[in-house]
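Take a look at the structure below.
The values are calculated or read from the model by the stated rules, or taken from the named source; none is laboratory data. Predicted model only: the values in this text are computed from it and were never measured. Please note: Cβ atoms are built from the backbone with ideal geometry, for glycine as well, and neighbour counts cover all protein chains shown. We work out accessible area using only protein heavy atoms, side chains counted, and drop any ligands, DNA or RNA first. Shrake-Rupley method; radii C 1.70, N 1.55, O 1.52, S 1.80 Å.
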Amino acid sequence: MSTYFTKDHEWLKVEGDVATVGITEFAQSQLGDVVFVELPENGKTVAQDDEVAVVESVKAASEVYAPLDGEITEGNELLVDEPAKVNEDPEGAAWFFKMKLGNAAQLEALMSEADYKAFVETL
Amino acid sequence: MAEATDLLKTPLFDLHTELGAKMVPFAGYDMPVQYPLGVMKEHLFTRESAGLFDVSHMGQAWLVGPDHATTAAALETLVPSNMKELKPGKQRYTVLLNDNGCIIDDLMVSRPLAAEDDGRLMLVVNAACKDNDYKIIAAALPDNVKLEIVEDRALIAIQGPKAAEVMALHAPEAAEMGFMEARPLEFDGISVIASRSGYTGEDGYEISIPAGAAEAVAKALLADERVEPIGLGARDSLRLEAGLCLYGHDIDENTTPVEGNITFCMQKRRKEAGDFPGGERVLKQLAEGTENLRVGLLLDGRAPAREGAEIRVPGSEEVIGRVTSGGFGPTLGAPVAMGYVPSKLAEIGTEVELVVRGRALKAKVAEMPFVAQRYYRKPK
């Protein structure tokens, strides 16, 4: 399993041709208390950078983007009932959705954990 | 956006930094939007115990005239509330109106308790409006009434069900005050002016303090475990749940007190006479109603509808109004909003749709406040 990160502060864990996607610890700390999550529909075909999910904190609404081309296979229903999980465990239990990769070559342009850490330092 | 160096600092700026606040520009000031506790917990803590707010960015000023009747009469030319009848030691909410009867700002006015202060009225106005307010007020005053802008005082608020017991430890006479009363107090030996009022729907006080003593007062209150510092984020969600208007959003220079549904600020004598700016129009609206009205809105799901969201009649594409304030209400555990709808659709329970990200969410016109106000009324 490999983990990748995006400039939009999302993480992906890739196993075979399926990626599990969520937002990073840095993202949740910036958002503040999450009160609502809107998940993508299963089976939806998405292109890289499409807005596919929404996370709302007490402060504002933010989009969650598709990190790659592909098809949504599952949304994390836990977040619908317990949106605060996003603050508690953003890089674990509070994943947003799983997607089947459409173009695995796109992974090469994403960041490693070390690169992402360095990127966050610059912000 | 202004550079950080252009922003004004309140006398409590160093304390905010020490407390780990996240600072944001607000009305020209560098203000704490939240502390490490976070907006949600700060909100809930205030409703459960007590929160301390720095509201020193707000404008404090005195109107000074030869006697109460003269000063009150001068202020009454600008506002639709009874000021002549305001008793010593009492506070009143009012609005500055323009010639269309629309709201230039909303403000608190208090009359000092002491006989030697007769002829003085203390004003607290919104930070973003203060310069304009002062210009308008000064221009309208007769020669024997002066506007004295207060620049050397901080203003803090302590709000919540435990505010009174904490306050009484430092200023025992605070306990004798009822809601919307104002008086000077000795707070641990520091002379302050307090009112029993606020902007959260809870019991509590607003305390005007000489700038140099503000940190001592704030620290004395924060030393109590029943008190946490609260930022502008929770201040907004608290006032929204309490159904209180935010100037520039829920009421502004295009809305009258009738449209804004705040006619409680107008007393009988003024409503009969209409002797204030835009009086004729406001009286006509009182008699015949208005086209639109500010209402509370409760949504069915968990998704908040924020400022600007369109309001529609269910099943219709026609936009009938917009949300003017909206967000998640932590105490209610649900999204809350307020906005303007045609008066014929303003009845409690009317079904509407709020458009969020292109999707129509079901909502109902709802009674405000969303969370019951818990002001302290003195036993008669």
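For this structure, a couple of remarks:
- Flag for B:Gly296 being assigned to a loop (DSSP other than H, G, I, E, B), of a type in the set (Gly, Ala, Ser) and more than 14 Å from every other protein chain (Cβ to nearest Cβ): no
- Screening the candidates B:Tyr205, B:Tyr247 for the property of being within 21 Å of B:Tyr376 (Cα to Cα) and either among the aromatic types (Phe, Trp, Tyr) or within 14 Å of chain A (Cβ to nearest Cβ) (or both) yields one hit, B:Tyr205.
- B:Val371 satisfies every condition listed in (1) away from chain A (no Cβ under 11 Å); (2) closer than 30 Å to B:Phe45 by Cα; (3) out of contact with any Lys or Arg (no Cβ under 9 Å at 6 or more places or on another chain) except (3).
- So B:Leu8, is it modelled with pLDDT of 95 or more and away from chain A (no Cβ under 14 Å): yes
- Being charged (D, E, K, R) and part of a loop (DSSP other than H, G, I, E, B) is a property that B:Asp143 has.
- Count - residues of the stretch B:77-113 that are open to solvent by 10 Å² or more (accessible area, probe 1.4 Å) and either at positive phi or more than 17 Å from the chain's Cα centre (by Cα) (or both): 13
- Search result, residues across the stretch B:100-130 that are more than 24 Å from B:Gly89 (Cβ to Cβ) and out of contact with any strand residue (DSSP E or B) (no Cβ under 8 Å at 6 or more places or on another chain): B:Asn100, B:Gly101, B:Cys102
- Of the residues B:Arg239, B:Arg235, B:Arg269, B:Arg281, the single one that is among the basic types (Lys, Arg), in the same structural domain as B:Pro32 (by the TED database) and touching a strand residue (DSSP E or B) at 6+ places or on another chain (Cβ under 8 Å) is B:Arg235.
- Among the strands (runs of 3 or more DSSP E) confined to the stretch A:1-74, the ones with at least 1 residues that are on the phi < 0 side of the Ramachandran plot, within 14 Å of chain B (Cβ to nearest Cβ) and surrounded by 22 or more Cβ atoms within 10 Å (Cβ to Cβ) are located at A:34-38, A:51-57, A:61-65.
- The stretch A:4-38, residues that are of a type in the set (Gly, Ala, Ser) and within 9 Å of the chain's Cα centre (by Cα): A:Gly22
- In the condition set (1) assigned to a strand (DSSP E or B); (2) under 27 Å from B:Asn261 (Cβ atoms), B:Asn82 is compliant with all but (1).
- Verdict on B:Ala164 being over 16 Å from B:Arg239 (Cβ atoms), open to solvent by 10 Å² or more (accessible area, probe 1.4 Å) and either assigned by the TED database to the domain that holds B:Glu241 or not hydrophobic (A, V, I, L, M, F, W, C) (or both): yes
- Of all residues in the stretch B:1-51 being among the β-branched types (Val, Ile, Thr) and open to solvent by 20 Å² or more (accessible area, probe 1.4 Å), the one that is farthest from B:Glu228 (Cα to Cα): B:Thr5
- Residue count for the stretch B:206-231, restricted to those that are surrounded by 21 or more Cβ atoms within 10 Å (Cβ to Cβ) and farther than 21 Å from B:Ala174 by Cβ: 1
- Condition check for B:Ile262: β-branched (Val, Ile, Thr), in the same structural domain as B:Pro80 (by the TED database) and open to solvent by less than 10 Å² (accessible area, probe 1.4 Å): yes
- When we screen B:Ala305, B:Ala334 for residues that are farther than 23 Å from B:Pro257 by Cα and surrounded by 18 or more Cβ atoms within 10 Å (Cβ to Cβ), the only hit is B:Ala305.
- Taking the listed residues B:Gly315, B:Gly301, the one that is under 30 Å from A:Glu77 (Cβ atoms), within 14 Å of another protein chain (Cβ to nearest Cβ) and at pLDDT below 95 is B:Gly301, with no other qualifying.
- Residue match in the stretch B:212-221 (condition: in a loop (DSSP other than H, G, I, E, B), at negative phi and in contact with a helix residue (DSSP H, G or I) (Cβ under 8 Å, 6 or more places away or on another chain)): no
- Scan of the stretch B:88-140 for residues that are closer than 22 Å to B:Arg281 by Cα and assigned to a loop (DSSP other than H, G, I, E, B), ordered by number: B:Asn98, B:Asp99, B:Asn100, B:Gly101, B:Cys102
- Count - residues of the stretch B:327-354 that are away from every other protein chain (no Cβ under 14 Å) and part of a strand (DSSP E or B): 8
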